[in-house]
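Colleague: Sharing a structure below in structure tokens format, with a few things to ask.
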Amino acid sequence: MSIVGDNKDRTVLAGRRFLVVDDHPYMIDVICEILRHYSAAETLRAESAEAALARTGPRSVFDCMICDFNMKPVNGLQLLQMIRAGKCKDVAREQRFVLLTGHGEMDVVKTAKALDVSGYVVKPVAADTFVKTIMRALASSVSLKPPTTYESVPAHELAQFQ
């Protein structure tokens with residue numbers, strides 16, 4: 001199925017809920033606009049990892065969390081690490097998680113993969129590439145490793161790219 005290119009199906013995200021996390025409000029606006037264009041049911045915003053966790057809860061289940069890498073004091077990989085290690089009580093460890101970054105640095109990519117990221121998009125974001133990444137993330141499930149495996153991934157060492 002072509003997601004964007006050939007059939008331009010604007011309903012591919014119908015009924016889906018997203019949490020968009022970025023410390024730049026304009027980038028959140030761009031991502032939310034793309035998601036709404038493709039009929040996302042709900043797009044919630046958070047301008048930090050802490051704000052994102054405050055938006056989660058037993059009744060706040062998201063189909064996908066879309067998060068920027070380059071945030072402080074907690075970057076996107078550190079947030080993903082906390083989720084995969086089970087340190088976020090109201091977020092399922094298998095939460096689908098797409099990382100946005102302006103860095104194509106190999107260390108960032110390797111760390112994201114080690115943390116079982118669901119998808120990875122380098123900014124600037126092209127709508128068709130972004131939606132294809134989201135659709136792949138939604139179509140797959142995360143095969144979790146033990147929490148200690150995720151805890152041992154050196155996500156904190158990537159502050160040099162921030």
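Colleague: If you check residue 65 against the conditions, is it within 29 Å of residue 107 (Cβ to Cβ) and either of a type in the set (Asp, Glu) or modelled with pLDDT under 95 (or both)?
Modeller: no
Colleague: Show the residue pairs meeting these rules: Cβ distance below 7 Å; 6+ apart or different chains; first residue within region 128-145 and exposed (fewer than 15 other Cβ atoms within 10 Å of the Cβ); second residue at pLDDT 95 or above and not charged (D, E, K, R).
Modeller: Pairs that qualify, where the first residue is exposed (fewer than 15 other Cβ atoms within 10 Å of the Cβ) and the partner is at pLDDT 95 or above and not charged (D, E, K, R), are 136/119; 140/118.
Colleague: What pairs can you find where one residue is in region 74-99 and over 19 Å from residue 16 (Cβ atoms) and at pLDDT 95 or above, the other is in a loop (DSSP other than H, G, I, E, B) and of a type in the set (Asp, Glu), and their Cβ atoms are less than 8 Å apart, with a gap of 6+ or different chains?
Modeller: 84/116
Colleague: Name the single residue that is nearest to residue 24 (Cα to Cα) among those in region 69-92 being among the charged types (D, E, K, R) and surrounded by fewer than 17 Cβ atoms within 10 Å (Cβ to Cβ).
Modeller: So, considering only residues that are among the charged types (D, E, K, R) and surrounded by fewer than 17 Cβ atoms within 10 Å (Cβ to Cβ), the one nearest to residue 24 (Cα to Cα) is 72.
Colleague: Scanning region 32-70 for residues that are in a loop (DSSP other than H, G, I, E, B), without any contact (Cβ under 8 Å) to a residue 60 or more places away in the chain and not aliphatic (A, V, I, L, M), which turns out nearest to residue 10 (Cα to Cα)?
Modeller: 39
Colleague: Whether any residue in region 102-114 is crowded, with 21+ Cβ neighbours inside 10 Å, under 26 Å from residue 29 (Cβ atoms) and out of contact with any Asp or Glu (no Cβ under 7 Å at 6 or more places or on another chain) is what I want to check.
Modeller: yes
Colleague: Need a quick list: helices (runs of 4 or more DSSP H) entirely within region 71-162 having at least 2 residues that are charged (D, E, K, R).
Modeller: 106-114, 127-139
The values are calculated or read from the model by the stated rules, or taken from the named source; none is laboratory data. Since the structure is predicted, the reported quantities are computational estimates derived from the model, not experimental observations. Please note: Cβ atoms are built from the backbone with ideal geometry, for glycine as well, and neighbour counts cover all protein chains shown.
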